[in-house]
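Enquirer: Handing you this structure, nothing more for now.
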Amino acid sequence: MSRYSALGLLRGALNGQKHWQPAWRDPEPKAHYDIIIIGGGGHGLATAYYLAKVHGLRNIAVLEKGWLGGGNTGRNTTIVRSNYRLEPLHNLFEFGLKLWHGLSDELNYNVMFSPRGAMFLGHSDADMVKLAERGDAMRCDGIDADLMTRDEVAKLEPLLDMSRDARFPIQGGLIQRRGGSARHDAVAWGYARGADSLGVDIIQKCEVTGFVRDGNAVVGVETTRGRIGAGRVGICVAGHSGHVAAMAGLKLPVESQTLQAMVTEGVKPMINSVIMSQSLHCYISQSDKGGIVFGGDPDNWPSYAQRGHPMVMEGAVAQGLALVPALSRLRMVRTWSGVTDMSFDGAPIIGETPVPNLYINGGWCYGGFKATPASGWTYAHTLATGKPHPLNAPFSLDRFERGATIDETGSGPMPNSR
Amino acid sequence: MMQITCPHCGPRAQSEFIYERTVDSVVPLDAAPEQAMATLFARTNPRGVDEEIWRHTYGCRAWLIMTRHRVTNEISAARAVGPEALP
């Protein structure tokens, strides 16, 4: 694999751009792999990359039913942050955030990570107390968090409606300056190119239709391209975890819901950071192309339909316009929604399943994109060694029966109340 | 948006209804702890048809059970229930 560089671009300018090679191979599946990862999204590809890079394994396949990054990796709002209050969550996401900061160099692929600051808005005294509590919890573990006054918020985002009679008055905020956004497709493509160059077979248009069992243990998968044997199989299909796990006879603490997002036409820079309001449920940022990216609520009812609902879009846009009235003249050009695994405590599930040789990585709710490097790194450890990584150990599947749930919002065991 | 036919009020906009949970996740009062845990925390979550409990919250406030396809959103049945009809 040739390295991408400025010199390569220059060379291309002289030879009519004829030297470019495909970024990854399109191999036929082999009869057996040491490790098979189901799902060629960001998490699956990152897992394969770190299995090869960190653990030195080579006989690995990633099976993708459609095309790389065509699921939730391409259907999110690309926000990257680690500002969670609970220790297991912020430790995992902070590990990921550190990887994000070096990811373009690591992969020799520009993932366009832009640490422009991720800011939560506080709309009331109670909001500010909660934000302070969250910031304190983060700073105790060495993660950056700054509580902002009303004036500081207004200075960072002059277009916010800061008037006293605003629909959602703003009292202050909490910012994580190292947070920001990244280019979603580039993350999948960068990891795919990196994994492929280390010998990982990435097999697209290959849907898993069942598991091959020897007794209780999984020893391979049935696919639309034939039977493939495996030493260990890792499910990494968040959004469809329930569907795939059911093939192995498992019922998961997960309900699938669609999560709404949309983008406007491109305009000159007007939103400087990532503006988030968790009291509402509105996420606003500006892409490098200039489009204003809106994130909204999940649908709050189970769905595998990868399309949005006008009712939910209207809610998100109404909140966004109330916060930033200047957006009212923009035209919406695209909407999309991803199918998210809503777990029953709002935290991901990574680790062993009751079925030998079968592992799971899912339940990311609406927060999977930012975790891509951390999820891949720790899941690779689990798949390579068969044991939890210290960072993913708290997120085991059996935490629900042990009463050890990780409930950041404290909203109890119903995904639709999150 | 879906249109849901409330057994009491007739066809209404989905925005009047709120999803509660699936029929198979109602925990019986006399359930053993293991069974209660499994019922409360595990879902079949099919990429197909499931039976769901919804409530006409911003209408007659009655509970109903809907049979709905999770991909196409097609509602094949919506019937009235009372607390005594739940398992």
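The values are calculated or read from the model by the stated rules, or taken from the named source; none is laboratory data. Predicted model, so just to flag it, every value in this text is computed and none were measured. Cβ atoms come from the backbone with ideal geometry, glycine included; neighbour counts cover every protein chain shown.
Enquirer: Could you pull out the residue among A:Pro325, A:Pro298 that is closer than 30 Å to A:Arg177 by Cβ, more than 10 Å from chain B (Cβ to nearest Cβ) and modelled with pLDDT of 95 or more?
Expert: Answer to the check: A:Pro325.
Enquirer: Within segment B:11-64, which residues are farther than 23 Å from A:Val312 by Cα and aliphatic (A, V, I, L, M)?
Expert: B:Val23, B:Val26, B:Val27, B:Leu29, B:Ala31, B:Ala32, B:Ala36, B:Met37, B:Ala38, B:Leu40, B:Ala42, B:Ala62
Yes/no per residue for (1) over 30 Å from A:Tyr283 (Cβ atoms); (2) among the aromatic types (Phe, Trp, Tyr); (3) touching a residue at least 12 places away in the same chain (Cβ under 8 Å):
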{"position": "A:Gly8", "(1), (2), (3)": "yes, no, no"}
{"position": "A:Ile35", "(1), (2), (3)": "yes, no, yes"}
{"position": "A:Ala48", "(1), (2), (3)": "no, no, yes"}
{"position": "A:Leu51", "(1), (2), (3)": "yes, no, yes"}
{"position": "A:Glu64", "(1), (2), (3)": "no, no, yes"}
{"position": "A:Gly71", "(1), (2), (3)": "no, no, yes"}
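Enquirer: Just one of A:Asp146, A:Asp165, A:Asp141 is at pLDDT below 95 and of a type outside the set (Phe, Trp, Tyr); which is it?
Expert: On the way: A:Asp146 fails: at pLDDT below 95; A:Asp141 fails: at pLDDT below 95.
Of A:Asp146, A:Asp165, A:Asp141, the one residue that is at pLDDT below 95 and of a type outside the set (Phe, Trp, Tyr) is A:Asp165.
Enquirer: If you scan segment A:367-404, which residues turn out to be crowded, with 18+ Cβ neighbours inside 10 Å and either among the polar types (S, T, N, Q) or touching a Pro at 6+ places or on another chain (Cβ under 6 Å) (or both)?
Expert: Within segment A:367-404, A:Thr372, A:Ser375, A:Thr378, A:Thr382, A:Asn392, A:Pro394, A:Phe395, A:Ser396, A:Phe400 meet the criteria.
Enquirer: I've got another one for you. Taking segment A:47-63, which residues are crowded, with 22+ Cβ neighbours inside 10 Å and out of contact with any Leu (no Cβ under 9 Å at 6 or more places or on another chain)?
Expert: A:Tyr50, A:Ala61, A:Leu63
Enquirer: Mind checking which residues of segment A:253-276 are at pLDDT below 95 and either within 14 Å of another protein chain (Cβ to nearest Cβ) or closer than 20 Å to A:Asp161 by Cβ (or both)?
Expert: A:Pro253, A:Val254, A:Glu255, A:Ser256, A:Gln257, A:Thr258, A:Gln260
Enquirer: Quick check: is even one residue across segment A:207-215 among the hydrophobic types (A, V, I, L, M, F, W, C), free of Cβ contacts under 8 Å to residues at least 40 places away in the same chain and assigned by TED's automatic domain parsing to the domain that holds A:His243?
Expert: Yes, segment A:207-215 has at least one match.
Enquirer: Could I ask something else about it? Can you name the helices (runs of 4 or more DSSP H) wholly within segment A:42-108 that have at least 3 residues being over 17 Å from the mean Cα position of the chain (by Cα) and at pLDDT 95 or above? Write out each step before concluding.
Expert: Values: elements: A:42-53, A:87-101, A:103-107.
Helices (runs of 4 or more DSSP H) meeting the threshold: A:42-53, A:103-107.
Enquirer: Might you check whether a residue that is of a type in the set (Asp, Glu) and either without any contact (Cβ under 8 Å) to a residue 40 or more places away in the chain or crowded, with 18+ Cβ neighbours inside 10 Å (or both) occurs anywhere in segment A:177-198? Explain how you work it out, then say what you get.
Expert: The first filter runs over segment A:177-198 and keeps only residues of a type in the set (Asp, Glu), leaving A:185, A:196.
After this cut, where a residue has to be either without any contact (Cβ under 8 Å) to a residue 40 or more places away in the chain or crowded, with 18+ Cβ neighbours inside 10 Å (or both) as well, the list is A:196.
Within segment A:177-198, one or more residues are of a type in the set (Asp, Glu) and either without any contact (Cβ under 8 Å) to a residue 40 or more places away in the chain or crowded, with 18+ Cβ neighbours inside 10 Å (or both).
Enquirer: Residue pairs, Cβ under 9 Å, 6 or more apart or interchain, first in segment A:395-418 and away from every other protein chain (no Cβ under 13 Å) and under 22 Å from A:Trp301 (Cβ atoms), second surrounded by 13 or more Cβ atoms within 10 Å (Cβ to Cβ) and modelled with pLDDT under 80. List them.
Expert: The qualifying pairs are A:Thr409/A:Arg418; A:Ser411/A:Arg418.
Enquirer: Any residue that is farther than 15 Å from A:Ala46 by Cα, in contact with a strand residue (DSSP E or B) (Cβ under 9 Å, 6 or more places away or on another chain) and outside any strand (DSSP E or B) - is there at least one of those in segment A:188-201? It would help to see each step written out before you state the result.
Expert: Taking segment A:188-201 and keeping what is farther than 15 Å from A:Ala46 by Cα, we get none.
No, there is no match, as no residue in segment A:188-201 is farther than 15 Å from A:Ala46 by Cα, in contact with a strand residue (DSSP E or B) (Cβ under 9 Å, 6 or more places away or on another chain) and outside any strand (DSSP E or B).
Enquirer: Any residue that is of a type in the set (Ser, Thr, Tyr) and within 13 Å of another protein chain (Cβ to nearest Cβ) - is there at least one of those in segment B:76-87?
Expert: If we filter segment B:76-87 for residues that are of a type in the set (Ser, Thr, Tyr), which is where we start, we get B:76.
Restricting the remaining residues to those that are within 13 Å of another protein chain (Cβ to nearest Cβ) gives none.
No, the conditions are met nowhere in segment B:76-87.
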